[in-house]
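Below is one structure, written out as structure tokens; comments come after it.
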Amino acid sequence: MGVNMPARTVVFDDITKYDGVQSRHLMPAEYIQMAGRAGRRGLDDTGTVIILCKEEVPNQIKLKEMMLGTPEKLSSQFRLTYAMILSLLRAATVSVEGMMQRSFREFYQICQADNHRKQLELAEKEYSQKCSTPLPAHLAPLATFYDTAAAYIDVLNDIMPILLGQPKVAKELVPGKILILSAGPYINQLGIYLNSTGPRQTPYKVLVLNTIEQDPNKYNFDLDESWFRMLSFTAMYDGIGTEEGTLNHAILCIAPKNIIAVTKMTLKIDASLIIQDWDKRQIPRFKDAPVGSSCAAAVQELSRVSHAVRTGASTLERISLTQSLSITTGEVLQSLDKMNKYKDMLESQKKSTDIANFKTEFAVVYERKQAERKRDKYKLLLSFENLALYPDYQRRLLVLRELNYIDEHDSVILKGRVACGMGTNELIISELVFRNVFTDKNPAEIAALLSCFVFQAKTNISQQLTDKLKEGVDAIKAIDEDLTSIESKYMVSQFEGQGERLNFGLIRVVYEWALEKPFAEIMDLTDVQEGIIVRCIQQLHELLIDVKDAAVAIGDPKLQAKMLEASTAIKRDIVFAASLYTTARETVIS
């Protein structure tokens, strides 16, 4: 329990706590928050913190970690709700994008804004220097090839970590597995998978044949990985492998994006001996040591396989990375579709790269496009589109348009104005109002049905519902399914940690309470604690007021009257008592 006032001395009865999941030591931030109260400003030069050792002295390492450890990073809990979006669309003073930009979630981007503006100025200057003249007409096909290759690489970088992380694919990555990779200057090379103990960004250790040739051409830009990967898409670099017999090799740590394909071929190797041999010969005094037998055998076998594939003597069957995905909708499937589309486009554009002096001609296009890409990158970083929640905002706008809460110009219309007034579950409650679900229900039934939006506890008691209540429950479930379907269509997901949207566990209890049954009687209908029931009914009263205001907005006096009657029926007795403590004193007669 935290101390909320300064004191000369703070005493910790215990340095462990139960956080709802497990019993653990105090976090550094928790300890500092409580221990920091020791010492009164202006009265004490120092403060004293005492930890009681009831059984044994705490572990010194744990104490040091608790007192001097790095506090956990603060994470923003800012979320965009439909009601917030609608309210901001109606307001003239601040936009949705402006609100997102001011949130703590975007703190890092705000800190980097000045640096991004300086980089944009430099990028604009470089772009004006390199792209001041129009691109020659004969290079237009290569410009198209660059755009397609860049788009393909972007999608590939996003999708490969997901594909390689699938359990079925991960099982295939055993020592000795033959991979096809493009990493730096190693273009469309065969590699032997060793293990995945590399750094976090480049976890896969692979053995490749060291066949890098010095490029005689001189360019006005640095030869980066993007340059080599684009060259790997051309017919010029279709060949895999090297000449047979070489012992020159390298061990690389590569990222998932560098793996083009996983084949079905696996060589028999001892990965640990190969890595030990490589590490030993990286030490200067062992650099001329002979190659170990295990490593030499692996290199010879890889050289043989590479030569056979390059000459067409054999082919390597690839493992389908996409078949292991049990996904039928969503962003991953869209990314796969994009990847296949760009791959087909690259195949059709290969003929435009089959020209004399291709690398020299493509270098002109590449330099201009890279300057343009750098400029666009910093423009994006300074735009609203770079906000973390911007994609979610755009998806939610699509949902609101389809449901007619806003028009094509993002102006809020009647349904949207009603939803603005709802504190929670704004869409489904608004749909209940506009679909006239409450028209044939009495006030007690309306209150009971709306309780599904405020009740969050669990109950094991089965309820006996009237026909009207069952009909209402079915109507609410149907609307919820409709909304879920539309949200799935536009890939809108629930917030992290958000519970179920509907909970019908207290319908009968609220129904009986609205019919003026005593509190003691309704307690016999459920296993939910009294305090939870009181809180639920109090929150339900606020929701009934919101729905009453919605009835006023749409001009439905009958619904308005029912809401008033329902709120009056539940606002009574112990549930809405000002205090559960007796305040009146007995009069003493002497």
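The values are calculated or read from the model by the stated rules, or taken from the named source; none is laboratory data. Note that the coordinates shown come from a computational prediction; the quantities given were computed from them, not determined experimentally. FYI the Cβ positions are ideal-geometry reconstructions off the backbone, even for glycines, and counts take in every protein chain you see. For the accessible areas, the whole protein counts, side chains as well, though only heavy atoms, and no ligand, DNA or RNA atoms are used. Shrake-Rupley method; radii C 1.70, N 1.55, O 1.52, S 1.80 Å.
When the range 559-575 is filtered for residues that are part of a helix (DSSP H, G or I) and either in contact with a His (Cβ under 8 Å, 6 or more places away or on another chain) or free of Cβ contacts under 8 Å to residues at least 24 places away in the same chain (or both), the ones remaining, listed by number, are Gln560, Ala561, Leu564, Ser567, Thr568, Ile570.
Just to be sure before I move on: is Glu542 among the acidic types (Asp, Glu), open to solvent by 70 Å² or more (accessible area, probe 1.4 Å), within 28 Å of Gln464 (Cβ to Cβ) and under 44 Å from the mean Cα position of the chain (by Cα) in the structure I sent? Judged against the criteria, Glu542 is a match. Scanning the range 16-67 for residues that are more than 35 Å from the chain's Cα centre (by Cα), farther than 15 Å from Met5 by Cα and small (Gly, Ala, Ser) returns no hits. No other residue among Leu316, Leu336, Leu380 is open to solvent by less than 60 Å² (accessible area, probe 1.4 Å) and part of a helix (DSSP H, G or I) apart from Leu336. Once the range 88-111 is narrowed to residues that are open to solvent by 50 Å² or more (accessible area, probe 1.4 Å) and touching a residue at least 40 places away in the same chain (Cβ under 8 Å), the residue that is farthest from the chain's Cα centre (by Cα) is Arg90. Could you look through the range 490-504, keep only residues that are more than 16 Å from Phe453 (Cα to Cα) and modelled with pLDDT of 75 or more, and pick out the one that is most open to solvent (accessible area, probe 1.4 Å)? Among those residues, the one meeting the criterion is Ser493.
Each row is one residue, and each column tells you yes or no for (1) within 29 Å of the chain's Cα centre (by Cα); (2) farther than 30 Å from Leu387 by Cβ; (3) assigned by the TED database to the domain that holds Lys257; (4) at pLDDT below 90.
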| site | (1), (2), (3), (4) |
| --- | --- |
| Asp114 | yes, no, no, no |
| Arg117 | yes, no, no, no |
| Ala123 | no, no, no, no |
| Tyr127 | no, no, no, no |
| Ser132 | no, yes, no, yes |
| Pro136 | no, yes, no, no |
| Asp158 | yes, no, no, yes |
| Pro161 | yes, no, no, yes |
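Output yes when any residue across the range 105-114 is closer than 30 Å to Tyr393 by Cα, out of contact with any Ser or Thr (no Cβ under 6 Å at 6 or more places or on another chain) and of a type in the set (Phe, Trp, Tyr), and no when none is.
Just the residues of the range 105-114 that are closer than 30 Å to Tyr393 by Cα, to begin with: 105-114.
Add one more test, that the residue is out of contact with any Ser or Thr (no Cβ under 6 Å at 6 or more places or on another chain), and what stays is 106-114.
Then keep just the ones that are of a type in the set (Phe, Trp, Tyr); that gives 107-108.
The answer is yes; a qualifying residue exists.
Filtered by the rule that a residue be in contact (Cβ under 8 Å) with a residue 40 or more places away in the chain, among the basic types (Lys, Arg), open to solvent by 30 Å² or more (accessible area, probe 1.4 Å) and part of a helix (DSSP H, G or I), the range 394-450 gives Arg395, Arg417. Residue check: Thr526 meets all listed conditions (1) of a type in the set (Ser, Thr, Tyr); (2) touching a residue at least 60 places away in the same chain (Cβ under 8 Å); (3) under 30 Å from Leu80 (Cβ atoms) but one, namely (3).
Considering only residues that are among the basic types (Lys, Arg) and in a loop (DSSP other than H, G, I, E, B), look in the range 263-311 and name the one that is most open to solvent (accessible area, probe 1.4 Å). Spell out how you get there, then give the answer.
Taking the range 263-311 as the starting set, the residues that turn out to be among the basic types (Lys, Arg) are 264, 268, 280-281, 285, 287, 304, 310.
Restricting the remaining residues to those that are in a loop (DSSP other than H, G, I, E, B) gives 268, 281, 287.
Values: Lys268: 208, Arg281: 39, Lys287: 132 Å².
This residue is Lys268.
So which of Glu512, Glu487 ends up being of a type outside the set (A, V, I, L, M) and without any contact (Cβ under 8 Å) to a residue 24 or more places away in the chain? Lay out the reasoning, then the answer.
Working: Glu487 fails: without any contact (Cβ under 8 Å) to a residue 24 or more places away in the chain.
Being of a type outside the set (A, V, I, L, M) and without any contact (Cβ under 8 Å) to a residue 24 or more places away in the chain holds for just one of Glu512, Glu487, which is Glu512.
Of all the criteria given as (1) open to solvent by less than 50 Å² (accessible area, probe 1.4 Å); (2) at pLDDT 90 or above, the one not satisfied by Pro518 is (1). Candidates Arg375, Arg318: the one that is farther than 22 Å from Ser232 by Cβ and under 40 Å from the mean Cα position of the chain (by Cα) is Arg375.
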